[in-house]
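> I have a structure here, written as structure tokens, and I will follow up with some questions on it.
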Amino acid sequence: MSRPEDRRKHIRHDARFALKIGSEAVSHDQGIATEGLNISMGGIYCLVPRYIPLMTKLQATLVLPMPAPQKSGVREEKLFETEMIVVWSDPEAEIPGRESYRIGCAFLPLPPEKKGLLKEYLDSLE
């Protein structure tokens, strides 16, 4: 599946973070626990254990390891809860017996406070 890099509006950062996703069909409490593999201001890339159709709206909770405050030197984790939509999948269709799929999800519009938290996290990755 071709995903030209030149179409991206936001710089992607390789990063690993805990992630839990659910949809209208799957409650968030019974959702998929996985790991994000990269992130930008526009969305995330992750592996999931089952096929999720394109354009599926997901509820997501990302656990972002934030930079350590200078005084404590201990990183803290912040929960980043948002809605996102599946924009690509590799493979593009469900394959019986397949145990993992790579998906890219776009964040739905973020309020200013969530944009600020995400930007702080992304800045810490540079």
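The values are calculated or read from the model by the stated rules, or taken from the named source; none is laboratory data. These numbers come from a predicted model, not from an experiment. Note that each Cβ is placed from the backbone with ideal geometry, even for glycine, and that neighbours are counted across all protein chains shown. Only protein heavy atoms, including side chains, enter the accessible area calculation; ligands, DNA and RNA are left aside. Shrake-Rupley method; radii C 1.70, N 1.55, O 1.52, S 1.80 Å.
> Restricting to DSSP H runs of at least four residues, report the calculated mean residue ellipticity at 222 nm for the chain, -39500 (n - 2.57) per run over all residues, nearest 500 deg cm²/dmol. Numbers along the way, then the final one.
Values: 1 runs with 14 residues, N = 126.
So the calculated ellipticity at 222 nm is -3500 deg cm²/dmol.
> Taking only Cα atoms, what is the 0 to 90° angle, nearest 10, from helix 112-125's long axis to the longest principal axis of the chain?
The two axes meet at around 80 degrees.
> Something else now. Taking the Cα-to-Cβ direction at LEU37 and at GLU126 and moving 7 Å from each Cα, how far apart do the two end points lie in nm?
Taking the two extended label points, one gets 2.5 nm.
> Roughly speaking, to the nearest percent, how much of the chain's 1.4 Å accessible area is carbon and sulfur? Working shown, then result.
Details: 3930 of 7740 Å².
Answer for the chain is 51 percent, counting heavy atoms of protein chains only.
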